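Read through the structure below, which is laid out as structure tokens, and then see the notes.
The values are calculated or read from the model by the stated rules, or taken from the named source; none is laboratory data. Fair warning: this is a prediction, and the values are worked out from it, not measured in the lab. Using ideal geometry, Cβ is built from the backbone for each residue, glycine included, and neighbour counts are taken over all protein chains shown. Side chains are part of the model used for accessible areas, which takes the heavy atoms of the whole protein and leaves out ligands, DNA and RNA. Shrake-Rupley method; radii C 1.70, N 1.55, O 1.52, S 1.80 Å.
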Amino acid sequence: MSAKKKRSRLLGGLTAVLGFACALVLGALFYGSMVYQHAGERPAEGARLTQTPAPLGTAGAQFPGAALELSEGTLIHEAAEDVRVGGEVCRVLTRTYRLEDGTQARAVSAAPAAYLEWLAQEGFMPQLITGFIVAGMDAVCEARGEETALAARNGDFVYLILATAQEQAMYALGAGASLETSEE
């Protein structure tokens, strides 16, 4: 083989390796930015989730902002609690709905936004699927085994929809969700 052909093959191989390395770096940057945008910093090693009951009363009235509700399904349970996540105490309102197919979905409203760290603590991983919304807000889809979560943030408020459902069903739940203000 001539020297020109060897040099040409060497340059072609080098270009392919360089292109692959660039693709890996860009993929890692994209994934990192999605995770950072969604959850901020990950919890410190040894961070624990602790729960204490919220004061007695109507759960929805205990949430300091607009609460997430689903248009599909029947509300079967509502609870408010204070949860320590990432060094902050978060007020969490969870509404559990029974869907038409018999499965359950949870609509979670939480404040402050440090509650997003809960997803990482529970093993949820952001997916590269885009286009999801929760009550009109852009949402990130995360998965843990069979369970899927849609997570949206509005200022210091976090809204999650959690269910064992496929992407199309989750999209429908998020698109049909709305925010209601607490009753006083």
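Couplings for segment 104-119, taken from phi via the Karplus curve 6.51 cos²θ - 1.76 cosθ + 1.60 with θ = phi - 60°, read 10, 9, 10, 10, 10, 10, 9, 8, x, 5, 4, 4, 4, 5, 4, 4 Hz in order; Gly and Pro are left as x.
If R0 equals 30 Å, the separation of the Cβ atoms of residue 166 and residue 88 corresponds to a calculated FRET efficiency of about 0.35. For segment 55-167, a/c is not less than 1.5, where a ≥ b ≥ c are the root eigenvalues of the C-alpha gyration tensor, and a/b does not top b/c. That puts it in the oblate class. Summarise the accessible area of segment 131-184 (1.4 Å probe, protein heavy atoms) by the percent that is carbon and sulfur. Carbon plus sulfur share of accessible area: 44 percent. Excluding ligands, DNA and RNA, the accessible surface per residue across segment 52-184 is 48 Å² with a 1.4 Å probe. Close amide-amide hydrogen proximity is noted between residue 177 and 71, 135, each under 5 Å apart and 5 or more residues distant or on a separate chain (H modeled in the peptide plane; Pro and chain starts excluded). Extending 7 Å from the Cα toward the beta-carbon at both residue 100 and residue 18 defines two label points whose distance is 5.6 nm. Apply the a/c threshold of 1.5 to the C-alpha gyration tensor of segment 114-184 and tell me whether it is rounded, prolate or oblate. Oblate, since a/c reaches 1.5 and b/c is not below a/b.
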